[in-house]
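The values are calculated or read from the model by the stated rules, or taken from the named source; none is laboratory data. Remember, predicted model here, so these are calculated numbers, not experimental data. Note that we place each Cβ from the backbone using ideal geometry, even for glycine, and neighbour counts take in every protein chain shown. Accessible surface areas use protein heavy atoms only, side chains included; no ligands, DNA or RNA. Shrake-Rupley method; radii C 1.70, N 1.55, O 1.52, S 1.80 Å.
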Amino acid sequence: MIKSSKKSASQKKSKNTLVRDAQIEEIDRSLRPESLDDFIGQQKIKDNLSICLEAAQKRKDSLDHFLLYGSPGIGKTSLAHIIAKEMRSNIKITSGPVIKKAGDLAAILTSLKRHDILFIDEIHRLSQTVEEILYPALEDFKLDLILGKGPSAKSLQLDLPPFTLVGATTKIGALSSPLRTRFGHIYRLNYYEEQDIQKIVLRSARLLKIALPNDAALEIAKRSRRTPRIANRLLRRVRDYAEVKGDGYITSSLATEALELLEVDNLGLDEVDRRLLKTLIEKFSGGPTGLSTLAHATSEEKETIEEVYEPFLLQLGFLDRTPKGRIATLEAYHHLNIKPQK
């Protein structure tokens, strides 16, 4: 009976987690911009996109394939949805890890209709076998299949309707050169300016019906790592704090209190960022230290450090990557209030 009770509690907890994740995902979707005019920041990309979209609409043709790369949460998925909406096209969404074999990709490609948008997130994680199926599909809208094995195997070629692939990646260097060169548009999404993040926070607050003054929005923007997804997450946490500790109205000082409780400092560094830098400084005299050594010392995965934490620390100038390893800069010492060793 005890085991059954524990299992039931575990299942209930798992179900509650799934429900909560679905609710968060639904909120994130509701905050996504629906047009280029709604999309704040990344002005050069928007200017280029508007020309591409208008030209394709005039020709009544499909767009060339797009490759979007940049840090997580910076707007790649939002842009894919905007491209589909502006072109009045359907969008099919998948990701590299989901497409495990050639048959999985073939099923997706044969379900596409004329001018559909196919969005593949984490496209750098496609296997080589799947990539090779993708090449003729991107260039000639052909699908080459091998039916059977051995001497009795037969080659079959299917025509595909013209479609547009939008690939998104955080690691453009991990893409093979043959795949990368098949994209007609390659855009890098950069970290946002603080003023743009403030505008995004104010827009999200309006959509969520949160009363938010400009100075409180700026305080959230300063600590958001210049990333829209993080800014929206912090906004929701500040709202929770205001509802419990205040009267629901968010002031600048209340936003600061909420963010300090979350251990997010005035530059957006959280507890893990500071732990990485402190470990590098205090255990390894500031470096150089290899990524594997740093991962073991901080109990963090190498991929997590490299893809989630390092990009922002490099952007701030708190970390250097050298052939010998990672080095903490003087700016990191000053921010952590640690005196550099002579």
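Name the residue, out of Ser292, Ser253, that is of a type in the set (S, T, N, Q), more than 21 Å from the chain's Cα centre (by Cα) and open to solvent by 70 Å² or more (accessible area, probe 1.4 Å). If you could, list the steps in order and put the result at the bottom.
Working: Ser292 fails: open to solvent by 70 Å² or more (accessible area, probe 1.4 Å).
From the options Ser292, Ser253, the qualifying one is Ser253.
Of the residues Ala231, Ala211, which is of a type in the set (Gly, Ala, Ser) and under 30 Å from Ile45 (Cα atoms)?
Ala231
Report every pair of residues separated by at least 6 positions or lying on different chains whose Cβ atoms are under 9 Å apart, first residue within the range 284-300 and in a helix (DSSP H, G or I), second aromatic (Phe, Trp, Tyr).
Thr293/Phe284; Leu294/Phe284; Ala297/Phe284
Can you say whether Ala55 is of a type in the set (A, V, I, L, M, F, W, C) and modelled with pLDDT under 90, as far as the supplied structure shows?
Spelling it out, it is not the case that Ala55 is of a type in the set (A, V, I, L, M, F, W, C) and modelled with pLDDT under 90.
Looking at the range 73-108, which of the residues that are surrounded by fewer than 22 Cβ atoms within 10 Å (Cβ to Cβ), of a type in the set (A, V, I, L, M) and farther than 10 Å from Val166 by Cβ is modelled with the lowest pLDDT?
Only one residue fits best here, namely Ala102.
Looking at Asp196, Asp215, can you tell me which residue is under 20 Å from the mean Cα position of the chain (by Cα) and either surrounded by 15 or more Cβ atoms within 10 Å (Cβ to Cβ) or not hydroxyl-bearing (Ser, Thr, Tyr) (or both)? Before you say what the answer is, go through the steps one by one.
Working: Asp215 fails: under 20 Å from the mean Cα position of the chain (by Cα).
It is Asp196.
Residue-wise test of (1) modelled with pLDDT of 90 or more; (2) of a type outside the set (Val, Ile, Thr); (3) on the phi < 0 side of the Ramachandran plot.
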site	(1), (2), (3)
Ile200	yes, no, yes
Pro213	yes, yes, yes
Leu218	yes, yes, yes
Lys222	yes, yes, yes
Tyr249	no, yes, yes
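Kindly check whether there is at least one residue in the range 310-323 that is crowded, with 17+ Cβ neighbours inside 10 Å and of a type in the set (Phe, Trp, Tyr).
Keep residues of the range 310-323 that are crowded, with 17+ Cβ neighbours inside 10 Å, which gives 310-313, 316, 318-319.
Checking which are of a type in the set (Phe, Trp, Tyr) leaves us with 312, 318.
Within the range 310-323, one or more residues are crowded, with 17+ Cβ neighbours inside 10 Å and of a type in the set (Phe, Trp, Tyr).
Would you point out which residue out of Lys101, Lys76 is within 17 Å of Gln42 (Cβ to Cβ) and of a type outside the set (Phe, Trp, Tyr)? Explain how you work it out, then say what you get.
Numbers: Lys101 fails: within 17 Å of Gln42 (Cβ to Cβ).
Just one listed residue meets the conditions, Lys76.
Looking at Gln23 and the list (1) closer than 22 Å to Ser224 by Cα; (2) at pLDDT 55 or above; (3) surrounded by fewer than 18 Cβ atoms within 10 Å (Cβ to Cβ), which single condition is not satisfied?
Exception for Gln23: condition (2).
Which ones in the range 224-250 are among the hydroxyl-bearing types (Ser, Thr, Tyr) and surrounded by fewer than 17 Cβ atoms within 10 Å (Cβ to Cβ)?
Quick first cut of the range 224-250, residues among the hydroxyl-bearing types (Ser, Thr, Tyr) only: 224, 227, 241, 249.
Residue satisfying the conditions is Tyr249 alone.
Which numbered condition trips up Asn190, out of (1) open to solvent by 20 Å² or more (accessible area, probe 1.4 Å); (2) of a type in the set (S, T, N, Q); (3) in contact with a Leu (Cβ under 7 Å, 6 or more places away or on another chain)?
With (1) open to solvent by 20 Å² or more (accessible area, probe 1.4 Å); (2) of a type in the set (S, T, N, Q); (3) in contact with a Leu (Cβ under 7 Å, 6 or more places away or on another chain) applied to Asn190, the lone miss is (3).
Among (1) modelled with pLDDT of 90 or more; (2) touching a strand residue (DSSP E or B) at 6+ places or on another chain (Cβ under 6 Å); (3) among the hydrophobic types (A, V, I, L, M, F, W, C), there is one condition Leu63 misses while meeting the rest; what is its number?
For Leu63, the exception is condition (1).
Looking at the range 275-289, which of its residues are within 27 Å of the chain's Cα centre (by Cα) and open to solvent by 70 Å² or more (accessible area, probe 1.4 Å)?
Arg275, Lys278
Take Arg182 and tell me if it is among the basic types (Lys, Arg) and farther than 14 Å from Leu31 by Cβ. Spell out the reasoning first.
Working: among the basic types (Lys, Arg): yes; farther than 14 Å from Leu31 by Cβ: yes.
Criteria met by Arg182.
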